[in-house]
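J.: My structure is below; once you've seen it, I'll send some questions.
The values are calculated or read from the model by the stated rules, or taken from the named source; none is laboratory data. Bear in mind that the values here come from a model prediction, so they are computed numbers and not experimental data. With ideal geometry, Cβ positions are generated from the backbone for all residues, glycine too; neighbour counts draw on all protein chains shown. Ligands, DNA and RNA are stripped out before the accessible areas are found, and what is left, the full protein with its side chains, is counted by its heavy atoms. Shrake-Rupley method; radii C 1.70, N 1.55, O 1.52, S 1.80 Å.
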Amino acid sequence: MRALAPGRAARLVQLALVALLAMAPLLLGDFRLFLLTEILIFGLFAASLDLLVGYTGLLSLGHAAYLGVGSYATALIAIHLTDNVFAGIAAAVLSSGVVAAATGWLAVRTRGVYFLMLTLAFAQLLFTLAITWDSLTHGANGLPTPKPTLGPGDGGGALDGGTAFYYYALVAFLIGFGLLRAIVASPFGRTLVGIRENEARMRSLGYGVARYRLAVFCIAGAVAGFAGSLTVQHSNYMSPSGISFEVSTLALIAVIIGGRATLVGAVLGSAFVFIIRDELSSAFNEHWRLVLGVVFIGVVYLLPRGLSGLPARTGLLSRRIQTTAGGSA
Amino acid sequence: MIPGIERVSPTVLELSDVSKRYGDLLVLEAVSLSVDAGARHALIGPNGAGKSTLFHVITGTERVTRGRIVFGGKVITTLQEHRRTQLGLGRTFQQTSLFDGLSVIANVELAVQQRSGLAHRLFPSSRGRTRVNERARELLELVGLEPREAILAGALSHGERRQLDVAVSLATNPTLVLMDEPTAGMSRDEAMSFLSMIASLPASLTILMVEHDMDVVFELATWISVLDAGKLIADGTPEAIRGSREVQDAYLGEGEHIAKLFGPV
Amino acid sequence: MDDAETTLTRREVLERAGVAAAIMSVPAVDRLTSAAGAATRPARALRIGQLLTLSGPLGSVGLDLQKGFVTYVRQNASRLGGRKIQFFVEDDAGDPRTALQKAERLVSEREVDVVTGVVLSNVAIALRDFFHSAKVPLIISNAAADELTRGESSPYIFRAAYTNYMIGASMGRWFYRNIAKNNVFTAAPNYSAGQEIVAGFITAFERAGGKIGGRVFPPFGTVSDYQPFLSQIQGERPSAVFAFFPGAEAIRFVRQYSEFGLKRTIPLHGAFITDPAPVLNAQGSAAQGIGSSAVWAAELQNQRNARFLATYERLYGKGEPSTFAATGHNAAQLLDVALRSIKGDTSNQARFLRALKNVGTFQTPSGIFTLDPKTQNPIRNFYLRQARFEDGKWQNKLLSLLGSFRDPGR
Amino acid sequence: MTFAAVGAALPGLLNEHLVSILNGLAVGMLLFTMAVGLSLIFGLMDVLNLAHGAIFLLGGYVAFQVIVGEGQSWLAGLAVAVGFGAVAGLALGGILRPIRHRGHLDQALLTLGLAFVLSDLATIFWGSDFQTIPSPVFLQRSVEVLGQFYPAYRLAVMGVGFALAVVVYLVVERTQVGAVLRAAVEDRAMVSALGINVGRVMLAVLALGTALASFGGVIGAPILSLSPGVDAEVLILALIVIVIGGLGSIPGALVGAIVIGQVQSLGTALVPQVAPFALFGAMVIVLAVRPEGIFGSR
Amino acid sequence: MSEALLDVRDLRAGYRRSVVLQGVDLAVREGEVVALLGRNGVGKTTLVHSIMGLVRPSSGSIRFDGQELSGRTPDQIARRGLALVPQGRRIFSRLSVEENLKLAHRSRNGGHDLDSVYELLPRLHERRRHRGRQLSGGEQQMLAIGRALLANARLVLFDEPSEGLAPKAVDQIASVIAGLREQKLSALLVEQNLHVALKLADAVNVMTKGEIVYRATVDEFRSDPKAARAFLGVGQV
């Protein structure tokens, strides 16, 4: 029961994509590379949200909370203990996982709009906490953090410069994304889809649904925390705006535009959102939101499967889609 | 119980004195019933007799108000639904309840992996996966859906959905399968082929079904229990039920004398 | 240069017409001059990044800073330090992480020589390490966080405006002498700018001999209604209140201060609470008589101010510039004076930085301006202005000079 | 009820914090105008209208244009804004129609996109500066309440809010139109089998709900000031109100609004440090204890 | 006789994948009560819902008084003169009895009004201020019938009116319908209670597996040995 048994062609496409990503520093200028790094990190975050929204059918409007917890954990570790990247990541994954467990315990018991509101509430609570807890978070001014290092002690193997960090982020992204891929392809991932499709039947098959929901909520939270850690390591700064409603919304929009329950769609969607924001913000001033909103509405209307469903729609690549649909389904 | 008929097989499911009350409404009244291992046990009765409720208290969707339910030697009266499933109590649904967005085989695999303890595994061995896949194929073969394994469940015909529903239920390795009106909404041909599929299931499997179609009931059942207005009014072999006056009254209303009700089929 | 033109032309699409026209005309002039002097191959244009908050509630602040900057440039034949210039404008939307992205774009893609702007303190703090390690000079024209002049100072960061400390301190002595000596309350949102401005005020007020009665710090950004805090203040019966609130919060606080009747009995004055014009207009009669400090006033009688006002009007039409336009103007002038001292040659960056640091004293529309080489932060005049209804509109009218102020540094 | 309980438990509180309590009611009533429409729309159509905040903001801007821009009377501004809100609701109905058959989450997503677009359109027309509608002249004063001054305008908002609550309650609970509405919330198909065009009922409710949001934007403008961001702020508050009160319930919206009003006002007065958390804390607690909200039924 | 009031021809309908009605023909003439019998799940309710417009038929025709109903919305169909007494009553539980009735009211000269319905069903008058959910099952059924009467329809569709009621309540409901029959009400009566159906109807249709397999007058039905077997779905007819 290989969950995704893509044909050899699809595997080649994947390899080509990874190769392309690996060569990116040779092809792109500093700023584009910077942007690509941001997209990969945000894409990982959005993909973790897709685990909830797409695979399990839980629409969260507060996923930035876990990104934020991870970011703050990394920032605080870097400032007070060590700027080693692994320590930062460990702290981020652990703390965001724990916070997700605590909040998820309540959230997974609710459905639909109530779930949406509870996740929003938790995110706003953490946002308020970040602003108010001045002694820890430096309030709205935020925390500048030292540059991360790869080596054991402080200052050893600093990840200085865009290219070095890009490779670091790419590896981290591939690990995180690969993990998510493995999860959705695993029996556990199948279980999640089962819960989304038919919760009652899952129960009658002997599944304790609440446990699985909580588990996926924690995993999604921990991966978001991982992305949060990378975010801070990239920008060397964290402030409450990183937990804001807009961050959660943009991730959700990325997932929907890219296509639910595809993971790759979440990354594509993130790229789309970033490009609209960064290219159009120069052209249209603040009105990139208008453009994004219109595109988003169009996708919800016309492309329920998002941009990654587009090839199937237009008939292109329809053979490939069929094989994956048959294999994954 | 009809005298003269001996029950020899061990009892799989036993309900003692089960009552269910919704507010003022007593839906089940002191129902005692046992289901023997390997039986094809049918539960019949006019509309509103309480068959569905009885079903629900057995599966655990509803709790009994009073009484005791023993399954496989264990008291399951207050057990949660999924725990009962884990003990070997399977069911099919009146409205077929499947995972429409998944392929036929994936539907069965979901059920198989639960039983094989793989469900919460993030990184299962490939052997484990293969086992799950093989078992799922076996089950599809059993219900005759093997050629359709790659189709999305949502694209199946109504009859095929019922077949798949049975395969999914069997995947939980039940000792007893409850079937809620399995042939409802089927055309006659579909019903008949469904019937032969059920007949071909291993004899060790016990089946308890609610069914309205008397053809189906008399074709398949080895034992029949009749429920009326929340009470068990008859319990016996098909032959015994055919002759029961109470059953006739329950169905037609007292005093309706119409030809012979159950002729030889 | 084409690049600059397209950047700015695209901006024009949704820009308020006046600014767009003005910015566009800059490269137009450049084109003329470069065509004429093609033979002599002059040094390439100075690339100036402007990192501003142009959208969201503080969008008008960024816009005003930019207008002021452009006004100075236009007064000087579209040149700074004799160099042609090219603008690259980026909107940070008031978000530090967005700002970091835009800064990266300006530095690595646009390869700017210097960046000016920055509206918000948290944006400035987020940018500090970036500019420090990118080694590109940043001239802050508004963001006032104290720490960038103190513990977190950087040789690459200069300020053309002020620190929070200075804003608060400017009102201390005046308050003691003219409003109240004892039992004065402070009110400001509970975030660092609020705390720093209040701290500056208290330092100066107590140094003058005054006594503080109490402090009220409503949470920042989450309060739309000050009634509970106003009731608390009312209950304590202070002799006067010093307040600082930014933007929308200033509107709400000042209006509610009046609506809940406090204004009848407890005088209210402060820093930046009736600025800029949209805020004052929204406050309306609730702001009547409130005094607040500012680094510039339209009525200042000096030649440079007259030119500033005239050019500004020519570019953007009727309507008084805001104090932000004045600090934007200051930033441009600071850059110009420094560039002139090295004849516009920025090829040696160490020299460029030294020039900025030692730019010294010069006359501006806001009066005499000195860059303190120790802190890279100005020593400058603050003025007292009062909100009044005159000539059919609400205005902040100049009352007096509060004095010259500087930040103590670390 | 909350009111009485607080008063009985802490006799001194009422006097000391009367203004805060009063103010909580005014804030609550403003929220109610917003929340009741949101709740009605959800109850009848299963649509969580995330564009409700944007309509609130646009309603305020429209009235601003009429009153401040064109120099017309307050009443004219209010009327135009309410009309605008109603038209926006009808348009929303048309936009939602093609995806009625999809789940309510897809519809919520669509309204989220609309919210993005609408609030951005607002900044194109009215900029990002604060715009304020001055309160009507005869309300531009303060009234003395137990020795403290209180703005007359807020008293008026409170009064209008209460009146609105009473009117909405009476219309829904006591009239034929209201009966249709309640029936449709319960069993849409059966209502249509009785010969009533349910589609039209739903459109009417959408128009009413968004007209109320727009109305809220107008009467809220003198208190809150209009600027980008106010839409999200108010939307989140209204969502909390209806989640606490129970989705689809009018008394729930009223009680939820009063609770949130008091949390914001009295809560801030009593425990200023905790107040910022109290809002979401209250919601989390209600959902933990009674997941369907105080007046909700599932 | 003249053309039937309701004339269903070769009607096919279903939900998503399952075709529930596989070509149903059925007619109800003016002033006639036609019973539709059949066990659970054969498609009786689907047929009623198709006639009422609650389910969209996939093919076939439903003519009412000469006009095609198929494809129209329930409210349009109701306004043409059909009323439904649905399975499970579907009373609006939060509305009072009187509100339930008023909601359904369409006035017609010489038709029912609130008073006449209260007179016919005095129990409803007693409980007119009670909410729907406070009524007993029998009272709810009366209310459902009252609703249909106030619609002043030309044809009433009764979907299992005796289902889930206590025997006494079944008798009451049956006598109410019997009374209406005296007044020349045209109706399609779906029933599982054979006793009730035979008492109230002029003609009987038996449905199995989405088709009508037996049709006769009540008298014929009583004397036909195949009838009961058809009813119970035992053996092919």
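J.: Using modelled amide H (1.01 Å from N, peptide plane; none on Pro or chain starts), what sits under 5 Å from the amide H of C:I290, excluding residues fewer than 5 places away?
T.: Here the answer is C:A387, since their amide H atoms fall under 5 Å of that of C:I290.
J.: Need one number: buried accessible surface between chains C and D, 1.4 Å probe, both sides summed, DNA, RNA and ligands left out, in Å² to 100.
T.: Heavy-atom accessible area buried at this interface is about 2300 Å².
J.: How large is the accessible surface of D:H52 in square angstrom, using a 1.4 angstrom probe and rounding to the nearest 10?
T.: 0
J.: Around B:A234, which amide H atoms from residues at least 5 apart in sequence, or from another chain, sit under 5 Å from its own amide H, with H modelled in the peptide plane?
T.: Those lying under 5 Å, H to H, from B:A234 are B:V226.
J.: Can I ask one more? Once the cut-off is 32 Å, how many percent of the Cα-Cα pairs in chain C end up in the long-distance tail?
T.: More than 32 Å apart: 33 percent of the Cα pairs in chain C.
J.: Given the protein chains as shown and a 1.4 Å probe, how many square angstrom of A:H80 are accessible, to the nearest 10?
T.: So the heavy atoms of A:H80 present about 130 Å² to solvent.
J.: At 222 nm, what helix-only mean residue ellipticity would chain D give, in deg cm²/dmol to the nearest 500, using -39500 (n - 2.57) for each DSSP H run of four or more?
T.: -24500 deg cm²/dmol
J.: With every protein chain left in place, what is the accessible area of C:E90 in Å² (1.4 Å probe, nearest 10)?
T.: 10
J.: Highest mean first, what order results for C:254-267, E:74-87, D:65-78 on Cβ atoms within 10 Å?
T.: Packing proxy ranking, top to bottom: E:74-87, C:254-267, D:65-78.
J.: List, by residue number, every residue in region C:110-137 with a reduction of 10 Å² or greater in accessible area between the chain on its own and the complete protein assembly, 1.4 Å probe.
T.: The answer is C:N122, C:I125, C:A126, C:D129, C:S133.
J.: As a test of the formula, what do you get for chain C when each DSSP H run with n ≥ 4 contributes -39,500 (n - 2.57) and the sum is divided by the residue count, at 222 nm and rounded to the nearest 500 deg cm²/dmol?
T.: Calculated from helices alone, the mean residue ellipticity at 222 nm is -13000 deg cm²/dmol.
J.: Expressed as a whole number of Å, what is the distance separating the alpha-carbon centroids of region E:65-107 and region C:164-223?
T.: Here the two parts' Cα centres lie 71 Å apart.
J.: Would you kindly state how much longer the chain becomes between B:D36 and B:R68 on full extension, computed as 0.36 nm times their sequence separation minus their alpha carbon distance, in nm to one decimal?
T.: Length difference between fully extended and current span is 9.8 nm.
J.: For region C:72-96 and region B:119-192, compute the distance between their C-alpha centroids and round to whole Å.
T.: About 70 Å separates the Cα centre of region C:72-96 from the one of region B:119-192.
J.: Looking at chain D as a GNM with Cα springs under 10 Å, which of D:N197, D:N49, D:N23 has the largest mean-square fluctuation?
T.: D:N197
J.: Something else now. Report the equivalent ellipsoid semi-axes for region D:149-214 in whole Å, largest first, defined as the square roots of five times the eigenvalues of the gyration tensor built from alpha carbon atoms.
T.: Value: 32, 12, 7 Å, ordered largest first.
J.: Have a look at A:L263, B:T172, A:A107 and report the one farthest towards the positive end of the charge dipole of the protein assembly as shown, computed about the Cα centre with Cβ charges (Lys/Arg +1, Asp/Glu -1).
T.: The residue sitting most towards the positive pole is A:L263.
J.: Considering only protein heavy atoms and a probe of 1.4 Å, how much of the accessible area of region B:93-172 is carbon and sulfur, as a whole percent?
T.: Of all accessible area on region B:93-172, carbon and sulfur atoms account for 49 percent.
J.: Could I ask something else about it? Principal axes first, then extents: for the Cα atoms of region E:4-232, list largest minus smallest coordinate on each axis, whole Å, largest first.
T.: Principal-axis extents of the Cα atoms in region E:4-232, largest first: 46, 38, 34 Å.
J.: Cα extents of region D:112-269 along the three principal axes, largest first, in whole Å?
T.: Per principal axis, max minus min of the Cα coordinates gives 57, 43, 30 Å.
J.: Now, a different point. May I ask you to work out the translational diffusion coefficient for region C:196-347 at 20 °C, viscosity 1.002 mPa s, via Stokes-Einstein with Rh from the Kirkwood sum over Cα pairs, reported in whole µm²/s?
T.: Reported coefficient: 119 µm²/s.
J.: Over all directions, how big on average is the projection of the convex hull of the alpha-carbon atoms in region C:153-253, in square nanometres?
T.: 7.3
J.: Express the carbon and sulfur contribution to the solvent-accessible surface of chain C as a percent, rounded to the nearest whole number, probe 1.4 angstrom.
T.: 50
J.: Next question. Kindly state, as a whole number, the per residue volume in cubic angstrom of the convex hull around the alpha carbon atoms of chain B.
T.: Measuring per residue, one finds 142 Å³ for the Cα hull of chain B.
J.: Where in region E:49-69 does the amide nitrogen come within less than 19 Å of the point 7 Å from the Cα of D:R100, taken along Cα to Cβ?
T.: Label zone hits: E:49-58.
J.: Separate question: Roughly how many Å² is the accessible area per residue of region E:4-232, as a whole number, for a 1.4 Å probe?
T.: Per residue, region E:4-232 has 39 Å² of solvent-accessible surface.
J.: So how do E:D202, E:D224 rank on accessible area, 1.4 Å probe, biggest first, that is with the largest at the start?
T.: Largest accessible area first, the list is E:D202, E:D224.
J.: Report, largest value first, the span of the C-alpha coordinates of region B:137-257 along each principal axis, in whole Å.
T.: Sorted from largest, the Cα extents of region B:137-257 read 55, 29, 23 Å.
J.: What total accessible area, in Å², is buried where chains A and C meet, using a 1.4 Å probe and rounding to the nearest 100?
T.: Buried: approximately 2800 Å² between C and A.
J.: If you don't mind, there's one more thing I want to ask. Given the options A:L252, A:L51, A:L27, state which has the largest fluctuation in a GNM of chain A using a 10 Å cut-off (strictly under) for Cα springs.
T.: Of the options given, A:L27 has the highest mean-square fluctuation.
J.: Could I ask something else about it? Per-residue ellipticity at 222 nm for chain A, helices alone: DSSP H runs ≥ 4 residues times -39500 (n - 2.57), over residue total, nearest 500 deg cm²/dmol?
T.: -24000 deg cm²/dmol
J.: Taking H as built 1.01 Å from N, whose amide H comes closer than 5 Å to the amide H of B:T92, not counting residues under 5 places away?
T.: When sequence neighbours closer than 5 places are left aside, the close amide H contacts are B:L178, B:M179, B:D180.
J.: Using only C-alpha atoms and all pairs of different ones, pull out the Kirkwood radius for chain A in Å with one decimal. Before the final figure, lay out each step's value.
T.: Values: mean 1/r = 0.0494 Å⁻¹.
This gives a value of 20.2 Å.
J.: Moving on to the next point. So what is Rg over Rh here for chain D, counting just Cα atoms and using Kirkwood for Rh?
T.: For chain D, the value is 0.97.
J.: Could you compute Rg(Cα) / (2.2 N^0.38 Å) for the protein assembly as shown, with N its residue count?
T.: That works out to 1.06 for the protein assembly as shown.
J.: State, as an integer percentage, the relative contact order of chain C based on alpha-carbon contacts under 8 Å between residues 6 or more apart.
T.: Relative CO of chain C lands at 17 percent.
J.: Give the interface area between chains B and A as buried accessible surface, both sides summed, probe 1.4 Å, in Å² to the nearest 100.
T.: On the way: alone 12880 and 15610 Å², together 25820 Å².
For B against A, buried area totals roughly 2700 Å².
J.: Calculate how large, on average over all directions, the projected area of the Cα convex hull of region C:122-165 is; give the answer in nm² to one decimal.
T.: 2.6
J.: Still on this structure, I have one more. Report, ordered by chain and residue number, the lysines lying within cross-link reach of C:K263, taken as a straight Cα distance under 28 Å and ignoring same-chain residues fewer than 8 apart.
T.: C:K181, C:K211, C:K393, C:K397
J.: By DSSP, what percent of the beta bridges with both residues in chain E are antiparallel, rounded to the nearest 5?
T.: 55
J.: Under a 1.4 angstrom probe, counting protein chains only, how are A:H138, E:H105 ranked by accessible area, largest first? Please report the intermediate quantities before stating the final value.
T.: Numbers: A:H138 55, E:H105 75 Å².
The most accessible residue leads, giving E:H105, A:H138.
J.: For the protein assembly as shown, with the dipole built from +1 on Lys and Arg beta-carbon atoms and -1 on Asp and Glu ones, taken about the Cα centre, which of D:S39, B:I58, D:T268 lies farthest toward the positive end?
T.: D:T268
J.: When chain D is modelled as a GNM with alpha-carbon springs shorter than 10 Å, which of D:D46, D:D106, D:D187 fluctuates the most?
T.: Among D:D46, D:D106, D:D187, the largest mean-square fluctuation in the Gaussian network model of chain D belongs to D:D187.
J.: Answer rounded, prolate or oblate for region A:1-107, using the Cα gyration tensor with square roots of eigenvalues a ≥ b ≥ c: rounded when a/c is under 1.5, else prolate when a/b is larger than b/c, else oblate.
T.: Because a/c hits 1.5 or more and a/b fails to exceed b/c, region A:1-107 counts as oblate.
J.: A further question follows. Considering only protein heavy atoms, what per residue accessible area in square angstrom results for chain D with a 1.4 angstrom probe?
T.: 35
J.: Cα centroids of region A:158-187 and region D:216-262: how far apart, whole angstrom?
T.: 42
J.: Using square roots of five times the C-alpha gyration tensor eigenvalues, list the equivalent-ellipsoid semi-axes of region E:49-103 in whole Å, biggest first.
T.: Sorted largest first and rounded, they come to 26, 12, 8 Å.
J.: Can you tell me the FRET efficiency between C:N348 and E:Y15 if r is taken as the Cβ-Cβ distance and R0 is 60 Å, rounded to the nearest 0.05? Mind showing how you got there, number by number?
T.: On the way: r = 81 Å, r/R0 = 1.35.
For R0 = 60 Å, the calculated efficiency reads 0.15.
J.: Based on DSSP, what percent of beta bridges with both residues in the protein assembly as shown are antiparallel, to the nearest 5? The partial results should precede the final answer.
T.: Working: 76 of 144 bridges.
Antiparallel bridges: around 55 percent, rounded to the nearest 5.
J.: How far is helix C:303-316 tilted, in degrees, relative to the longest principal axis of the Cα atoms in chain C, given as a value from 0 to 90 rounded to the nearest 10?
T.: In chain C, helix C:303-316 runs at an angle near 80 degrees to the longest axis.
J.: Which residues among region A:122-149 fall inside the zone where the amide N is under 19 Å from a point 7 Å beyond the Cα of A:L81, along Cα→Cβ?
T.: What the label zone holds, given the 19 Å backbone N cut-off, is A:136-138, A:143-149.
J.: Would you list which lysines come within 27 Å of C:K343, measuring only between C-alpha atoms, while excluding same-chain residues fewer than 8 positions from it?
T.: The qualifying lysines are C:K67, C:K84, C:K135, C:K357, C:K374.
J.: Scale the Cα Rg of region B:93-172 by the rule-of-thumb value 2.2 N^0.38 Å and send over the ratio, two decimals.
T.: 1.03
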